[in-house]
Amino acid sequence: MSEISKTVTWQKITQGGTIYESGNADSFITGDWRTSRPEWIVDKCTQCMLCFPVCPDSSIPAKDGKRLDYDFNHCKGCGVCAAVCPFDAIKMVEEINSDK
């Protein structure tokens with residue numbers, strides 16, 4: 001369980017989970033929603049950066065023009081990155097989480 005989910009109680013959540021502020025996705029740990037997760041195969045990756053802009057959760061960090069490993073605190077396992085990778089450097093695997 002993440003530190004944020006230990007401190008957020010139902011009383012602090014807005015009615016219906018409505019988000020009233022823009023740009024606050026970093027405030028919420030949503031990665032534990034996953035049922036599958038992407039696995040980055042570094043040896044196959046050519047750093048083409050096709051996966052980086054299509055991630056709807058901005059869960060593929062980049063530095064100095066190269067992608068880094070996933071931000072699993074926010075990745076929801078949608079598989080878009082794996083679908084666009086022409087080098088099979090990303091494969092989707094079943095999420096195994098002992099907390100679930």
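Bear in mind these aren't lab numbers, they're just calculated from the coordinates by the rules spelled out. All of these numbers come straight from a predicted model, not from anything done at the bench. Please note: Cβ atoms are built from the backbone with ideal geometry, for glycine as well, and neighbour counts cover all protein chains shown.
General observations
- FRET efficiency for L68 and I29, using Cβ-Cβ distance with R0 set to 25 Å, rounded to 0.05: 0.85
- Taking the Cα centre of the stretch 28-77 as reference, the dipole from Cβ charges on Lys and Arg (+1) and Asp and Glu (-1) amounts to some 80 debye.
- Simple rule: put +1 on each Lys or Arg Cβ and -1 on each Asp or Glu Cβ in the stretch 28-100, find the dipole, and look at P61, I96, F72; the Cα lying farthest toward the positive end is P61.
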